[in-house]
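**Q** Below you'll find the structure I mean.
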Amino acid sequence: MLTAQGISVAYGAMRAVDGVDLRIPDGCVLSLLGPSGCGKSTLLRAVAGLEPLQAGRIDWDGTDLASVAVHRRGFGLMFQDGVLFPHRTVAGNVAYGLHRLPAGDFSATPPGGGGPSKAGGGFPGRFGRHRRNRAAIAARVTELLNLVGLGGLGDREVATLSGGQAQRVALARALGPEPRLLLLDEPLAALDRSLRDRLVVDLRRVLAETGTTALYVTHDQDEAFAVAGAVALMDAGRIRQIGPPGQVWRRPADEWVARFVGYETVFDTAALLAAGVPLGDTAGFSAGSRVAVRPAGFVLDPAGTVRADCLGVLPGPDGLRLTVQIQAIGRQMGGRSVAAVAALGSSVMVGDQIRLRFVPAAAASLAS
Amino acid sequence: MSAPVILAPAPSIPDPADGWAPLTAEPRWRPALRRAGLVVAAGLPLLFFAVFFVYPVGSLLGRGLLDFPDATRAGSGAPGGIRGFAEGFWEVLQRARFRRILQFTVEQAAASAGLCLLLGVPGAHLLYRCRFRGRTALRALLTIPFVLPTVVVGLAFRTLFAADGALGSWGWDGSVWAILAAHVFLNYAVVLRIVGPAWARLDRRPAEAARTLGAGPTRTLFTVVVPALGPSLAGAFLMVFLFCATSFGVVLILGGGALSTLETEIYRQTTEQLDLRTAAVLSVLQILLVAAVLIIGARLRRRTEVALRLRSTREFRRPLRLSDLPAALVTAGAAVLVAGPLGVLLVRSLRTPAGWGFGNYQALGGIGEHNVLLVSGAAALENSLRTAAVAASMAVALAVLLAVSLARRPARTHPRSLLAGVRNGLDGLVMLPLGVSAVTLGFGFLLALDSGPLDLRASALLLPIAQALVATPLVIRMVLPVLRGADDRLRQAAAVLGAPPGRVWLSVDLPLMGKTLAGASALAYAVALGEFGATSFLARQNPTLPIVIGRLIERPGPANSGMALAAATILALVCGCVVAAVDMAADSHAGLSGSAGGW
């Protein structure tokens, strides 16, 4: 289990990571989500041992990692753009971390079984051993390449790979030594949307199949929620909220988190009630707290209770996206507009006076 | 903020830490040992430089400037110490002859570098951005001159322009034109190798954007391409300038008595006038000149190395078009300029007083007409090959050790540390042998390394050490950009995969610089083989082939000059073959770093 307590990393006067606490139990994937420049990659590099800590402590199963060098931590790291070794083939890249493979066929080790153990904990990374285990390594490379869906590409030069293939090789390479903890630094950010959607599914499958403990850094919330069992939201060097995706969605810690995960507007409960939103019918919205609402929280409906002026209409594949001003609270919110949705084909024009229905499922009460 | 993340792991998950050694804190001594290793890696070559470069050169300059009795004005009570230094400096600068020499040094170097750029840029376009049959062969041919010993080049051009030579009617014998022609011949490849790869890897999209915005090819070239190539162009200019400003063999042989640069004047003052004081002042002047050029160059380099990424970006190459005709014509002219003198050298070496044949080559088995040589030409050749091999291995070992410590960029967390400053200083220091007169170095060796534990005058290592000092900067300049341009995350990826620092170096750094290192070794070998300035002091008893050539052309007799031509041809062939072999080996799998290591 990884435990980080109060860790800080500074570049000169700038605190990139500022007093962060984290805990990742074995076999879990924690996703670190935040806008670019929030310090999430720096945090990941600090865990890997690539950035010196200014304060705090990182432990693995209770062992302080401060005096454990990068190459002895047994953590894997996958970069945004792969960073494959250009002078090695695909198989050569995947095999790089396998030099500590013990004698015998690794792939035959039953899951959970006592694999060939390291008697005495001697450091096995020696070239002689590497030579002796060539067959075992080749078998493991094949297994890894099959795992990431690149079977048979072992002899390719890495320069000939596409972006998606390169990332798969990087994943296989990072998984090769069965890292205690796999660190993924925006592994899909450099790929295009459709490829990313496919790879995210594969990544989730591979992490689950191998039971890898992982820290997954990304700025894309769809990716974060898809891959991870828990999400940590980070802003300006601090963790704003940490928890399972459902919890983050249902109860964002504060306005920043709410906006980051897609709630576009935050209302005072009192203002919503004044606007005709029947909050009382819904459990979980307490008086005095604030409520965050997604665009889908207000739907065009002639029977709705909320009166609004339509300021803009934008067609999209799933329906119309409206920009509206709710009449009762428009002035209170400084004239700010609110997002709403309507079914495709609805007859609504800019300047219309409309009625909206509130959808409680698309709203959440802020924790603070 | 430490809300616990509790998620039940899947039931049958193996312990992922199975294959790893238990996590134990590293013993304290291990990082200390690692740091000590780095210090030794940087310290060994530094010690070498201190003992074999700073000490000899410093003691020669010291004796000349501070306390060596002024031989030309013995008894006049010339003052020593700092005052003597200042006075000596002033006095030398006052003399019109030395001002003329300084001016000539700078002007001919600037003119040579300018001509090289004018001729070389079209060549860089043609040979690195176009695709045509024979491109590789042409590139190899145009690279040969750079590795030729200056004595050979000087002799070839003298033969060409001599009154009875092929171009004797041009009247260039002993003129500045002959020197410029020889300098362009020697350094044409420098422009090709610096500008070519940069141009081939240039992002083409800005130029395409300019074309869509209505700029014609010429306007695009001068407003987009040339500015983007600016650092490479300036770098090439400075490099050629440096080589020409310190050129020795060419100026000595082609300049006759009339034209001299600082370097040849230092040689004359030291060996003919025995005026160490003037020689020392001129040496300091040369060091200042070279240091200024190096500082400007280092600034430029820092800008370009950032841009250089060793990602195997595909190089852009297109078939020839009609618009390439001017470039093709200029390059063809350059090829003639390169092939001509080499051809003349070869042909004339086959002409003996008794008619055509290999008589001159056979004569190399002896010691020449009137017994002008101490050893036979064959013995000198053998000595040359052996010495150069030792020197090249030394240079490569030194360069690799230095590159290890110089290539590590300071961590982002403390970018302006003391370490970074030391590193920049080191970077400049190891380049200095490029600029310090080889003559000064050679004579300094004779003066300084003659007593105590450093009495190496009789040692067979003295000569290779001097040659290694001259070759090391070139090797470093080739290897360092590759290591610095390499993505640092490659090393991090290796470390995260469990590779200790030693294995990171062996499996990442070494393969990345492998091909460049092979090329650099060949270049070091060629440079050592042809080294003339320092060698002329250190190899009097046991001369190398360039010294033999120099001695043969000083002496009269058609048999001697025939022998010189034969020896020069052999030297040219050996150098050409060594470099061509390595170049072809590197070009045959030139996907990755094929052209990344241009000097």
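**Q** Under 9 Å between Cβ atoms, which residue pairs at least 6 apart in sequence (or on different chains) link something in region B:374-395 that is over 14 Å from B:Pro546 (Cβ atoms) and of a type in the set (S, T, N, Q) with a partner that is part of a loop (DSSP other than H, G, I, E, B) and modelled with pLDDT under 85?
**A** Once the first residue is over 14 Å from B:Pro546 (Cβ atoms) and of a type in the set (S, T, N, Q) and sits in region B:374-395, its partners that are part of a loop (DSSP other than H, G, I, E, B) and modelled with pLDDT under 85 give B:Ser376/B:Leu364; B:Ser376/B:Gly365; B:Ser376/B:Gly366; B:Ser376/B:Ile367; B:Ser376/B:Gly368.
**Q** Restricting to region B:189-246, name every residue that is of a type in the set (A, V, I, L, M) and under 14 Å from the mean Cα position of the chain (by Cα).
**A** B:Ala189, B:Val190, B:Val191, B:Ile194, B:Ala236, B:Leu238, B:Met239, B:Val240, B:Leu242, B:Ala245
**Q** Just to check your reading of the model, which residue among A:Gly149, A:Gly176, A:Gly154 is more than 10 Å from every other protein chain (Cβ to nearest Cβ) and touching a residue at least 60 places away in the same chain (Cβ under 8 Å)?
**A** A:Gly154
**Q** Taking B:Val347 as meeting all but one of (1) closer than 30 Å to B:Thr136 by Cβ; (2) touching a residue at least 40 places away in the same chain (Cβ under 8 Å); (3) among the hydrophobic types (A, V, I, L, M, F, W, C), write down the number of the exception.
**A** Every listed condition holds for B:Val347 apart from (2).
**Q** Now for a different question. In region A:1-101, which strands (runs of 3 or more DSSP E) lie fully inside it and hold 3 or more residues that are within 20 Å of the chain's Cα centre (by Cα) and either farther than 18 Å from B:Val496 by Cα or touching a residue at least 40 places away in the same chain (Cβ under 8 Å) (or both)?
**A** Hits in region A:1-101: A:2-11, A:14-24, A:29-33, A:75-78.
**Q** OK, next. Is it true that B:Thr535 is away from every other protein chain (no Cβ under 14 Å), buried (at least 19 other Cβ atoms within 10 Å of the Cβ) and touching a Phe, Trp or Tyr at 6+ places or on another chain (Cβ under 9 Å)?
**A** no
**Q** Of all residues in region A:278-296, which are modelled with pLDDT of 80 or more, under 26 Å from A:Leu320 (Cβ atoms) and in contact with a Leu (Cβ under 9 Å, 6 or more places away or on another chain)?
**A** A:Val291, A:Ala292, A:Val293, A:Pro295
**Q** To continue, here is another question. Here is a list: B:Thr472, B:Thr440. Which entry is at pLDDT 75 or above, farther than 28 Å from B:Val582 by Cα, within 22 Å of the chain's Cα centre (by Cα) and away from chain A (no Cβ under 14 Å)?
**A** B:Thr440
**Q** Among the residues of region B:476-532, which ones are of a type in the set (Lys, Arg) and either within 12 Å of another protein chain (Cβ to nearest Cβ) or more than 18 Å from B:Met394 (Cα to Cα) (or both)?
**A** Within region B:476-532, B:Arg484, B:Arg489, B:Arg491, B:Arg503, B:Lys515 meet the criteria.
**Q** So, one more: Among the residues of region A:54-72, is there at least one that is more than 7 Å from chain B (Cβ to nearest Cβ), in contact with a helix residue (DSSP H, G or I) (Cβ under 9 Å, 6 or more places away or on another chain) and closer than 21 Å to A:Glu186 by Cα?
**A** The answer is no; no qualifying residue exists.
**Q** Take the residues in region A:7-26 that are out of contact with any helix residue (DSSP H, G or I) (no Cβ under 7 Å at 6 or more places or on another chain) and more than 10 Å from chain B (Cβ to nearest Cβ), then tell me which one is nearest to A:Asp64 (Cα to Cα).
**A** Restricting to residues being out of contact with any helix residue (DSSP H, G or I) (no Cβ under 7 Å at 6 or more places or on another chain) and more than 10 Å from chain B (Cβ to nearest Cβ), the top hit is A:Ser8.
**Q** Is at least one residue of region A:240-247 surrounded by fewer than 17 Cβ atoms within 10 Å (Cβ to Cβ), modelled with pLDDT of 90 or more and in contact with a strand residue (DSSP E or B) (Cβ under 7 Å, 6 or more places away or on another chain)?
**A** Within region A:240-247, the first condition is being surrounded by fewer than 17 Cβ atoms within 10 Å (Cβ to Cβ), and the residues that meet it are A:244, A:246-247.
Checking which are modelled with pLDDT of 90 or more leaves us with A:244.
Narrowing further to those that are in contact with a strand residue (DSSP E or B) (Cβ under 7 Å, 6 or more places away or on another chain): A:244.
The answer is yes; a qualifying residue exists.
**Q** Still on this structure: Has region B:324-340 got at least one residue that is among the hydroxyl-bearing types (Ser, Thr, Tyr), buried (at least 18 other Cβ atoms within 10 Å of the Cβ), modelled with pLDDT of 75 or more and within 27 Å of the chain's Cα centre (by Cα)?
**A** For region B:324-340, residues among the hydroxyl-bearing types (Ser, Thr, Tyr), buried (at least 18 other Cβ atoms within 10 Å of the Cβ), modelled with pLDDT of 75 or more and within 27 Å of the chain's Cα centre (by Cα): present.
**Q** Kindly list the number of the only condition in (1) at positive phi; (2) assigned to a helix (DSSP H, G or I) that fails for B:Phe157.
**A** In the conditions (1) at positive phi; (2) assigned to a helix (DSSP H, G or I), B:Phe157 misses (1) alone.
**Q** I'd like to verify a number: residues in region B:101-139 that are surrounded by fewer than 19 Cβ atoms within 10 Å (Cβ to Cβ), in contact (Cβ under 8 Å) with a residue 12 or more places away in the chain and among the small types (Gly, Ala, Ser), how many?
**A** Going through region B:101-139 one residue at a time, the tally reaches 3.
**Q** Now a separate question. Return the only residue of A:Leu215, A:Leu207, A:Leu233 being closer than 19 Å to A:Leu150 by Cα and surrounded by 20 or more Cβ atoms within 10 Å (Cβ to Cβ).
**A** A:Leu207
**Q** Out of all the residues in region A:131-166, which are in a helix (DSSP H, G or I) and among the basic types (Lys, Arg)?
**A** A:Arg131, A:Arg132, A:Arg134, A:Arg140
**Q** Select from region A:298-317 the residues that are within 37 Å of the chain's Cα centre (by Cα) and surrounded by fewer than 16 Cβ atoms within 10 Å (Cβ to Cβ) and write down the one among them that is farthest from A:Ala340 (Cα to Cα).
**A** Here the answer is A:Pro317.
**Q** Residues that are within 14 Å of chain B (Cβ to nearest Cβ) and touching a residue at least 12 places away in the same chain (Cβ under 8 Å): find the helices (runs of 4 or more DSSP H) completely inside region A:179-282 holding 2 or more of those.
**A** Correct list: A:193-210, A:221-227, A:245-250, A:255-260.
**Q** Still on this structure, I have one more. Residues of region B:246-267 being buried (at least 24 other Cβ atoms within 10 Å of the Cβ) and small (Gly, Ala, Ser), which ones?
**A** B:Ser247, B:Gly249
**Q** Can you tell me which residues in region B:350-369 are without any contact (Cβ under 8 Å) to a residue 24 or more places away in the chain and more than 34 Å from the chain's Cα centre (by Cα)?
**A** Answer for region B:350-369, where residues must be without any contact (Cβ under 8 Å) to a residue 24 or more places away in the chain and more than 34 Å from the chain's Cα centre (by Cα): B:Ala354, B:Gly355, B:Trp356, B:Gly357.
**Q** Evaluate the following for A:Pro86: is it modelled with pLDDT of 90 or more and either closer than 23 Å to A:Ala208 by Cα or facing chain B (nearest Cβ under 9 Å) (or both)?
**A** On the way: modelled with pLDDT of 90 or more: no; either closer than 23 Å to A:Ala208 by Cα or facing chain B (nearest Cβ under 9 Å) (or both): yes.
Criteria not met by A:Pro86.
Here's the yes/no breakdown for (1) within 20 Å of A:Gly76 (Cα to Cα); (2) among the small types (Gly, Ala, Ser):
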site: A:Gly149; (1), (2): yes, yes
site: A:Thr160; (1), (2): no, no
site: A:Gly164; (1), (2): yes, yes
site: A:Leu175; (1), (2): yes, no
site: A:Glu178; (1), (2): yes, no
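The values are calculated or read from the model by the stated rules, or taken from the named source; none is laboratory data. Remember, predicted model here, so these are calculated numbers, not experimental data. So basically every Cβ, Gly included, is an ideal-geometry build from the backbone, and we count neighbours across all protein chains shown.
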